[in-house]
Structure formats: structure tokens, C-alpha cells
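The values are calculated or read from the model by the stated rules, or taken from the named source; none is laboratory data. Since this is a predicted model, take the numbers as computed values, not measurements. Here Cβ is always computed from backbone atoms with ideal geometry, including for glycine, and neighbour counts include all displayed protein chains.
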Amino acid sequence: MMNRYTTVFIRKQFTIENIDNLDQLTVNIDYDDGFVVWINGNEVAKVNVLNNYAYDSGATGSHEFGEIERFVFDKNDINLINGKNIIAVQGFNVGRNSSDFYLGLKLEGKKFLPVTEGSVTCDIPSGFYKNPFTVKLTADSPGETIKYTLDGSDPKTALNVLTGNSPVSVLIDPGSTTGGRGKTGGVVLRAAKYQEGFAPGIATSRSYIFTAAVKNQTEHPGGSWPTNNVNGQTIDLPMDTKVTLDNRYKNLIENSLLDIPTISVTTDPGNLFNSQTGIYVNAENHGSEWERPANIELINPDGSPGFNIDAGIRIRGGWSRHDGYPKHAFRLFFRKDYGEGKLEFPLFGNEGTNEFDKVDLRTSQNYSWSNGGDQSRYNTMNRDVFRAIARKTCTSLTHAADITI
């Protein structure tokens, strides 16, 4: 292939014995550098490819294999039929002189099942910890099956799901890569009860934060985290060693992480970073089609009660949505679709309401001193009060402000 051509065509037949036993078809594809997929003659997915691609086109950008893309299709949207169906793939290399190429594809069929009743309890709460420990997961009865993950993904759909019989002991260690997780300072445990012939139940989610590991995460964590920018979106994951190794700050960071409460946002990695469906790397898209399920926790450093609630999450904001900003703001939606219809919690103490339909998690990039130019990569992650006051004073204009949480 090298120095000769840039594309490869693959065509494969697959058989569906009974279409009534199938509701969704999932295409998992690993690639280097681009692809187009057809099912029964209809184009269903395309990444890193021009709209007017041809047999001798090249990929529009580089993508290293090992970062699997997942596409989920309703059977009626792709005209699946009983009997023989055809899947075809055209793989694209970035250029003829490229030294590597990869294309791997897996099909998975899914039938929607009734949800397993009951939940899983966890004996150690979310919070801040210094050393690894073991938690115990318990279902309603001994011996019942528990499915769990450690990479933030939903046990109902995760590729890296782990399975055990109640009670299940799980090691919580920020240095572990069990279950495909990256080495991050936050270990997210999600667990659901499972019964044969049923879908896993609603997941129980817990977030365990190890402040020393957060401080020392100065390299890419691995796991399912993106290794490169996606769709041009800046992805900046490690801690900055200019701060963590600076004598002025390095001994203050861990305690500083405990100065204010933490909000933990947990969702499938693909909900954020999938090039086609991830909201973080398609941040300029709006509306309910770009809302994804998530679990939201408020974790107080002093151990006082916070909250743990399932919700919907979207990108919020205006100019800050563009891909040059490494941080985007979120809007949380509390609806009965996800469980509880509202968030009921005194977010602002004795001031204001205790019930919320929506909550914004802001970054306030446009209102920080570091906005724009070479300093934009250091944009502040909270509202710069002094700049807001300066604008109001100097221009005599009122400055509407959302509350940063």
C-alpha cells in the first residue's frame, strides 16, 4: 500500500436469522486514518473523509489506531432485513507515503430487554482519599450478578464491563488500569445489578478523588482518553508541570483541591469525545439531539452531604463553543427521563431556591483577563470578578451574570 495507493475496499456478508430479535446494530471501528461504511448500499458513517471522496482520495487528517469509534443504528434506519445483509468499508490513509494503515471492524446486535429491578449498594461513599482501598458492592441477595466499570462508562453498554457475584470486592487505585481505565486521579466506579434475560439495572455511581494523583498526572493518562485533538477541538489533559513543579505552588496544590466542593460529572467517554456523536468535540451543535446522559455528584471535602443524581448534559455558551478553547461549559438538565424530576438541594445555602430544573457549569472564558492570543490556553476556569466590574464601570453597561458553580 505504501507509495502505491491510499484506499482499501472491504465487503462482507452477514446474516440475520430473525430481524425481530434485533433492535439496534452497533458498528465498532478502529482505524488509521479514515473510513466510510455502507450497510446494504447506504452510507451510514464517515470519518476523516471528504464529502466528494473517490477511489484515490486520502484521509483529511491523521488518526492513530487504538481509539475505537462506536456507531449505534436503529434497525429501521439502515434497512436491515431477514437473511443476507452486506457491510462495505472503504479505508483511507492520510497519504501514499504514510508508513502505517489500520482498519478493524466489529458488528454487534442488540435487543432491548426489560431492565433488572433492584440496585447495587457501595459501602464507601464518594470523596477525597489518600491511599488505595477496596470497596464492597452488594446486590439485594447474595450471589446475584453485578456488572461494573472503572472508566466512567455505563455498565449497561460498556465494552470494558467487569462482572462478579454479590458481594463483589473492587480495588480503588488511581494507578490501576483495570477495566480499561486511564491512570487518572479520579476513580469512577459504576455498578448495576444484572439478571439473565434482562438489561442491567440503573447504575450506582461513586467518584473517588486522590489529590496527590491529580497533582501528579502530568502525562497522558491512557485508557479511552483521546491521544490527539478531535475534530480540531483542543484536548489538554495533563497537569501543567510549570505549576506542579514550581516551588511557589507545588506544596499548596493538594490542599487547594480541598478548599471548595467538587462537582463530578460522569458519562460514557464517547458521549464527550466520539468524533461523530461526542458533544465536547462537536461543541457548536445545539438542542436535545446533543444531550447525553450523565451522573452528577457534589462532593464536599469535609464529608458533609452533597448530592448524587442522574441528569442530561449539553454544552452551553456562545463564542466559547469554538474548538480553539480547551474548556467548554456544561448545562445540566434534571428530568424524570433520567430518574428524579428535579435537583432538590440547597446549592446556595439559605439564599435562593432549593429546587432546580437546570444548572450551568460555567468557564467564563470570554470574561477572563487571559482570553485571546497566546494566553488563551491558560484561560481561567471561573468568572473573573474584577474584569466584570471593570467592564461595568468603564462602559456604564449592566453586566448580566450567571452564577459559576
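Assorted remarks:
- Some residue of region 38-56 being within 14 Å of GLY109 (Cα to Cα) and part of a loop (DSSP other than H, G, I, E, B): no
- Residue within region 260-270 that is surrounded by 19 or more Cβ atoms within 10 Å (Cβ to Cβ), outside the structural domain of ILE68 (by TED's automatic domain parsing) and more than 16 Å from THR184 (Cα to Cα) present: yes
- Of the residues examined, VAL135 is not one that is part of a loop (DSSP other than H, G, I, E, B), among the β-branched types (Val, Ile, Thr) and in contact (Cβ under 8 Å) with a residue 24 or more places away in the chain.
- Check on TYR249, part of a loop (DSSP other than H, G, I, E, B), closer than 21 Å to THR184 by Cβ, aromatic (Phe, Trp, Tyr) and touching a residue at least 12 places away in the same chain (Cβ under 8 Å): no
- For region 337-351, the condition of being within 30 Å of PHE35 (Cβ to Cβ) and either under 19 Å from the mean Cα position of the chain (by Cα) or assigned to a strand (DSSP E or B) (or both) holds for none of the residues.
- Extreme residue, farthest from VAL214 (Cα to Cα), among residues of region 114-123 that are within 24 Å of the chain's Cα centre (by Cα) and part of a loop (DSSP other than H, G, I, E, B): SER119
- Considering region 46-82, the residues that are β-branched (Val, Ile, Thr) and over 29 Å from THR227 (Cβ atoms) include one that is farthest from the chain's Cα centre (by Cα), namely ILE81.
For (1) at pLDDT below 90; (2) among the acidic types (Asp, Glu); (3) farther than 30 Å from ILE19 by Cβ, each residue gets a yes or a no:
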{"position": "VAL36", "(1), (2), (3)": "no, no, no"}
{"position": "ILE39", "(1), (2), (3)": "no, no, no"}
{"position": "ASN42", "(1), (2), (3)": "no, no, no"}
{"position": "ALA45", "(1), (2), (3)": "no, no, no"}
{"position": "ASN48", "(1), (2), (3)": "no, no, yes"}
{"position": "GLY61", "(1), (2), (3)": "yes, no, yes"}
{"position": "GLY66", "(1), (2), (3)": "yes, no, yes"}
{"position": "PHE71", "(1), (2), (3)": "yes, no, no"}
{"position": "ASN76", "(1), (2), (3)": "yes, no, no"}
